[in-house]
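Here's the structure we're looking at; comments come further down.
No lab work stands behind these numbers, since they all come straight from the coordinates. Note that the structure is predicted; figures quoted are calculated from it, not measured. Positions of Cβ are generated from backbone atoms using ideal geometry, with glycine treated the same way; all protein chains shown enter the neighbour counts.
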Amino acid sequence: MSTGLMPLVVSYMVLVTAHLVIASEPILHRVDSKRQSSMTSVRVLLPDRLPEDGEPRLPVIYVLPVEAGDGVRWGDSLAEVRKHDLHNKHRVACVFPTFVDLPWFADHPENPQLQQEAWLLEDVLPLVEHDHPVRKDREGRLLVGFSKSGWGAWSLLLRHPDVFDRAAAFDAPMMMDAPGKYGSGPIFGTAENFRRYQISNLLEHRASDLGKEPSRLILIGQGNFQSEHLQIKAILESAKFSHTWIEGSVREHSWHSGWLPEAFRWLTRVSP
């Protein structure tokens, strides 16, 4: 499977990078890509102490957005990471990409400027890995999100298990079986295209090669989509698909309801 990863930022991108001035302040990249209809941004939050010569490079956690642009209706993921000092506690780089349209992390079948999956794989990853002291292997690329970005985290890993190592999701509509809900229709474009990203289909497709591996997927609840969590859990158990399940107490559908530190702990665990 070709991921389109490149060692350098592609030539059609117009990039302006602000230098890091204060510890734990994010570095801002402004990016103009042919895969998005207007300018987007990528913020990179590095730990206070960067790797020195001879030290391992940093793993990257891609913190996937729930809203288009810089929307914060459902909370501020960057603020939550900084509140808990997660980038320093776990010594990771945290990447916060934005999308012009509502993010469902899919490529539209006809619109070349609505290529959300390709934007992440072919623009964001090469940019981060070229400009920052981070790992460039599968084990160094981790995903986290909730709601539609929880769906996105799982779909990206299941579609690209050679690119991403682990994906954490909180309170996500994992049992969606058609485009249309939650603003998804215009992003997927067609029912046929939606099926390429449908979580239940992807789990069935990947059961033989990923299902028996140590868990690379975690689902954290409870929230708005608890009934869908229970359904997807039943599918996972029926297929004997290795996964991690944290039900916990009922939580607000937000970045700020306390689940993100749990997700970071699981994502950065040392593999056996």
When a footprinting reagent is the concern and you count Cβ atoms within 10 Å, what order do LYS89, LYS240 take, fewest first?
-> LYS240, LYS89
Quick one: if you take sqrt(5λ) for each eigenvalue of the C-alpha gyration tensor of the chain, what semi-axes come out, biggest first, whole angstrom?
-> 27, 22, 18
Under a plain spin-label model, where a point goes 7 Å from the Cα along Cα-to-Cβ, how far apart in nm are HIS253 and LYS212?
-> 3.9 nm
Any trypsin sites (Lys or Arg not before Pro) in segment 108-150 that lie in a DSSP loop and have at most 15 other Cβ atoms within 10 Å would be LYS136
Counting pairs on different chains as well as pairs 8 or more places apart, how many Lys pairs in the chain have Cα atoms under 19 Å apart?
-> 4
Could you list HIS229, HIS160 in order of exposure, starting from the residue whose Cβ has the fewest other Cβ atoms within 10 Å?
-> HIS160, HIS229
Nearest-5 percent of antiparallel DSSP beta bridges in segment 14-267?
-> 40 percent
Amide H to amide H under 5 Å from LEU58: which residues, 5+ apart in sequence or cross-chain, H placed 1.01 Å off N in plane?
-> VAL134, ARG135
Build a GNM of the chain with springs between Cα atoms under 10 Å: which of GLU55, GLU129, GLU139 gets the top mean-square fluctuation?
-> GLU55
A student applying the Cα gyration tensor rule (rounded when a/c is under 1.5; otherwise prolate if a/b is larger than b/c, oblate if not) would label segment 148-272 oblate
Taking the Cβ of each residue in SER249, SER257 as the centre, tally the other Cβ atoms inside 10 Å and list the residues starting with the fewest.
-> SER249, SER257
PHE99 long-range amide H proximity, modeled H, under 5 Å | GLY69
Full-stretch length increase - LEU28, HIS84 - with 0.36 nm per residue and alpha-carbon distance subtracted = 18.1 nm
Whole-Hz ³J(HN,Hα) from phi, Karplus 6.51 cos²θ - 1.76 cosθ + 1.60, for segment 234-246, glycine and proline x = 4, 5, 4, 5, 4, 7, 6, 8, 4, 7, 10, 10, 10
Helix-derived mean residue ellipticity, 222 nm - over the chain, DSSP H n ≥ 4, -39500 (n - 2.57), to 500 = -7000 deg cm²/dmol
Per residue of segment 88-95, in order, report the coupling 6.51 cos²θ - 1.76 cosθ + 1.60 (Karplus, θ = phi - 60°) as ³J(HN,Hα) in whole Hz, putting x for Gly and Pro.
-> 7, 4, 10, 6, 10, 8, 10, 10
For segment 148-209, shape from the Cα gyration tensor axes a ≥ b ≥ c, cut at a/c of 1.5 then a/b versus b/c, turns out prolate
In segment 58-127, GluC sites (Glu not before Pro) in a DSSP loop with at most 11 other beta-carbon atoms within 10 Å = GLU110
Work through the residues other than PHE170 whose Cβ is under 9 Å from its Cβ and net out their charges, Lys, Arg +1 and Asp, Glu -1.
-> -1
Chain lengthening between GLU204 and MET39 when straightened (0.36 nm per residue, less Cα-Cα) | 55.7 nm
